[in-house]
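So the structure is just underneath, and the comments pick up after that.
Every read-out reported here was derived from the displayed coordinates using simple, explicitly stated rules and does not represent laboratory data. Values in this document were obtained by computation on a predicted structure and should not be read as measured data. A quick note on method: Cβ atoms are made from the backbone with ideal geometry, for glycine too, and the neighbour counts reach across all protein chains shown.
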Amino acid sequence: MDTSEKLFAAASEVIPGGVNSPVRAWRAVGGSPRFIQRAAGSTVTDADGTTYIDYIGSWGPMILGHAHHKVLYAIHATMRDGTSFGAPTAREIEMAREICAAAESVQKIRLVNSGTEATMTALRIARGFTGRGKIVKFAGCYHGHVDSLLVKAGSGALTLGAPDSAGVGADTAKQTLIARYNDLDDVRRCFEEHGDDIAAVVLEPIAGNMGVVPSEQSFLDGLRELTTERDALLVFDEVMSGFRVAYGSAQSLYGIHPDLTCFGKVVGGGLPLAAVGGRADVMDVLAPLGPVYQAGTLSGNPLAVAAGLATLKEIKQPGSYERLEAAGAALEDGLREAIASSGVRACLNRVGSMLTLFFGVEQVRDFDEATRCDTELFGKYFQGMLARGIYLPPSAFEALFVSLAHSDQDIDKTIDAARDTLAEVAAR
Ligand code: KE4
């Protein structure tokens, strides 16, 4: 047994499944998860000292690359004055102003500690503001482990083949209506059947949790029109796409103003920070102003806000998103060539620096098409790439993330590894 295997055995005695988040257990791809000891730039190094080019990037936050000196400095300079006060700080105003300036639709925000908290709060705000009970979500979208959103969920739930979690009460699930992603008629059906009781429609404007599946412009335009018409709120879950696909997030690419937006990952720079924000009249239902309660011991934590601000300041520099687009495009082109030369049936969806390779299918526009992909072949591809020093998300239903730290050499090495791995799996 190597060190990671020994650590996994030890972890499994005291942590369910040996991990603190299910997708990390590699159940979908086999083998024993690598226990990571350190990371820098585009690489992670495991407990045996093996270094890999990393495309998980902590599932999105590491857009600058790991251990960026400006982020580390910001954390270090902040922690000398203490780590948490449970009281307001000036830095939280700076973060709130930065998010409001970046996203036109956001007039006020509340900082929380995780994407799950952000989406959970967004639903409660929507129900409190509208006085209605039902929520429309889309099969394959994942919004964290909120009870009412763990219905036909993506990400780790889908990876483990459990898109509907146990433990979510039937009454709760009844309040969640499921529609097909990129299918406006399906949403209209929900409103025809439950229109006056729908508080909100929530979605990832660029889905990353059934693999990367971007919304179509007409779909989002239609959702905006329909929710406005029916006095329901439009909630964008940009926990993954926020500050990832553009500084103005996905909503700036589509020119849509949702009523509420959830942010996470990049906005915290790798520390626990997320946010829910939007129209001031909607956000003002939150306590202590309004009747919708929400709270958090570590909300707006000084270290997390400092790490997030340092990350946003750096990614905001001119040329950052152009570099991410160029690196993402180079990787996409190389992977497409490798697929073509291997003869393996696969398709690839990409938006900027987030992309997914789907095996065994020609296109993926929604959950049904995503779930037809060949997850077994993905497992073989994952292991082949790992053996060649490339560390991919251990699930066919996740996004691969390129960071500013990924060099042209990293991309070239990844493409070479993919070419060899695809040839290997095609030969089997
Ligand atoms: P967290 O509670 O994990 O911070 O955020 C939940 C969440 C909400 N919305 C979207 C669009 C998300 O992608 C996520 C979390 N993403 C997964 C990976 N796809 C986190 C990784 C994990 O669960 O370990």
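Among 239, 212, 29, the largest mean-square fluctuation in a Gaussian network model of the chain, built with springs joining Cα atoms closer than 10 Å, belongs to 29.
Within a straight-line Cα-Cα reach of under 12 Å, residue 134 can be paired with the following aspartates and glutamates, leaving aside sequence neighbours fewer than 8 residues apart in one chain: 171, 193, 196, 197. Karplus-derived 3J(HN,Hα) values for the stretch 392-405, using 6.51 cos²θ - 1.76 cosθ + 1.60 with θ = phi - 60°, are 9, x, x, 6, 6, 10, 10, 9, 8, 10, 9, 10, 5, 8 Hz; glycine and proline are entered as x.
For each of 407, 4, count neighbouring Cβ atoms within 10 Å of the residue's Cβ, then give the residues from fewest to most. Each step should come with its number before you reach the end.
Numbers: 407 14, 4 20.
By the 10 Å Cβ count, ascending, the order reads 407, 4.
In order along the stretch 342-358, the Karplus-derived 3J(HN,Hα) couplings, from 6.51 cos²θ - 1.76 cosθ + 1.60 at θ = phi - 60°, round to 7, x, 6, 7, 7, 9, 9, 10, 9, 10, x, 9, 10, 8, 9, 9, 9 Hz, and Gly and Pro are given as x.
Quick one: net charge around residue 75, please, counting Lys, Arg +1 and Asp, Glu -1 for every other residue with C-beta under 14 Å from its C-beta.
+2
Think of it as helices only: each DSSP H run of n ≥ 4 in the chain is worth -39500 (n - 2.57), and spread over all residues that comes to -12000 deg cm²/dmol at 222 nm. Its relative contact order, with pairs defined as Cα atoms under 8 Å and 6+ residues apart, puts the chain at 22 percent.
In a DSSP loop and with at most 16 other Cβ atoms within 10 Å, the GluC sites (Glu not before Pro) in the stretch 204-269 are 216.
A convex hull fitted to the Cα coordinates of the chain yields 139 cubic angstrom per residue.
Annotation: the residues 226, 324, sorted from fewest to most other C-beta atoms within 10 Å of their own C-beta, follow the order 226, 324.
Checking the table 137/174; 265/380; 108/265; 152/380; 108/313 against a 22 Å threshold on Cα-Cα, which pairs fail?
Values: 137/174 12 Å; 265/380 29 Å; 108/265 19 Å; 152/380 26 Å; 108/313 20 Å.
Pairs exceeding the cut-off: 265/380; 152/380.
I'd like the antiparallel share, as a percent to the nearest 5, of DSSP beta bridges with both residues in the chain.
Counting only bridges with both partners in the chain, antiparallel ones make up about 60 percent.
For the stretch 148-154, putting each phi into the Karplus relation 6.51 cos²θ - 1.76 cosθ + 1.60 with θ = phi - 60° gives couplings of 6, 10, 8, 10, 6, 7, x Hz, in residue order, rounded to whole numbers and with x for Gly and Pro.
Of all the options 299, 84, 353, the one that moves most in a Gaussian network model of the chain with Cα springs shorter than 10 angstrom is 84. Less than 5 angstrom separates the built amide H of residue 213 from those of 207, 208, all sequence-distant by 5 or more or on a different chain.
Among 101, 150, 15, whose Cα sits farthest toward the positive end of the charge dipole of the chain (+1 at Cβ of Lys/Arg, -1 at Cβ of Asp/Glu, about the Cα centre)? Going by the Cα projections, it comes out as 15. The local environment of residue 45, defined by Cβ-Cβ distances under 10 Å, has a net charge of -1 under the rule Lys, Arg +1 and Asp, Glu -1. Taking amide H positions as modeled 1.01 Å from N, with prolines and chain starts lacking one, the residues under 5 Å from residue 43 and 5 or more places away or on another chain are 54, 66.
Between residue 138 and 179, the built amide H atoms are under 5 Å apart, and every one of these is 5 or more places off in sequence or on another chain.
Out of the trypsin sites (Lys or Arg not before Pro) in the stretch 259-327, which ones are loop residues according to DSSP with at most 14 other C-beta atoms within 10 Å? Let's see the in-between values first.
Numbers: sites: 265, 279, 313, 316, 323; in loops: 279, 316.
Answer in residue order: 316.
Using Cβ point charges alone (K and R +1, D and E -1), the dipole size of the stretch 69-315 about the Cα centre works out to roughly 660 debye.
Note: relative contact order over the stretch 69-315, using C-alpha pairs below 8 Å and six or more positions apart, is 30 percent. Annotation note: chymotrypsin sites (Phe, Trp or Tyr not before Pro) in the stretch 56-123 located in DSSP loop regions with a Cβ neighbour count of at most 11 within 10 Å are 85.
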